[in-house]
Amino acid sequence: MAEAQTLNLAMEMNNDYSFLINNYSDSSKTPLDITDYTFYFTIKTDKLDENSEAIINKTITSHIDPTNGITRISISSSEIENLYGVYSYDIIRVSDTETKTTLFKGNFTITQATRKA
């Protein structure tokens, strides 16, 4: 199993964000059917915090194009309205056979907006 990719993310307060994750079954980029898969997106103050202490804890079971391995994670401005700073996050994929794979992990930085919308 491959180690999770470290990918630092940043977003500005008062903005909505979403990003797509393409899932592949092998290095030749063959799409992985994620029809019955679950994805967990968690942001914590400290990566050692319990999941119950997470600032954001999302469960994604409905996917954009599951047979071609594409899912979306969205964050609304209201979810991070009063937050700014550097946090820890990870994205975990759980297969239909309960195999858990941490896809991404790293710092999640929320910056203050220059102007409020």
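All of the numbers you see were taken from the coordinates with simple rules; none came from a lab. Note that the coordinates shown come from a computational prediction; the quantities given were computed from them, not determined experimentally. Heads up, the Cβs are rebuilt from the backbone with ideal geometry, glycines too, and the neighbour counts pull from every protein chain shown.
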* Going 7 Å from the Cα of ASP46 toward and past its Cβ, which residues in the range 63-101 have a backbone nitrogen under 19 Å from where you end up? -> 84-90
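Roughly speaking, what is the stretch gain from TYR17 to THR30, that is 0.36 nm per residue apart minus the C-alpha to C-alpha distance, in nm to one decimal?
2.0 nm
Taking the Cα centre of the chain as the origin, how large is its charge dipole in debye, to the nearest 20, when only Lys and Arg (+1) and Asp and Glu (-1) carry charge on their Cβ atoms?
On the way: 10 positive and 16 negative charges, 74 e Å.
Roughly 360 debye for the chain.
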* Radius of gyration, Dmax [the chain; alpha carbons; angstrom] -> 14.9, 46
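Roughly speaking, what is the stretch gain from ALA4 to GLN112, that is 0.36 nm per residue apart minus the C-alpha to C-alpha distance, in nm to one decimal? Don't skip to the answer; put the middle values down first.
On the way: separation 108, 0.36 × 108 = 38.88 nm, distance 2.85 nm.
Length difference between fully extended and current span is 36.0 nm.
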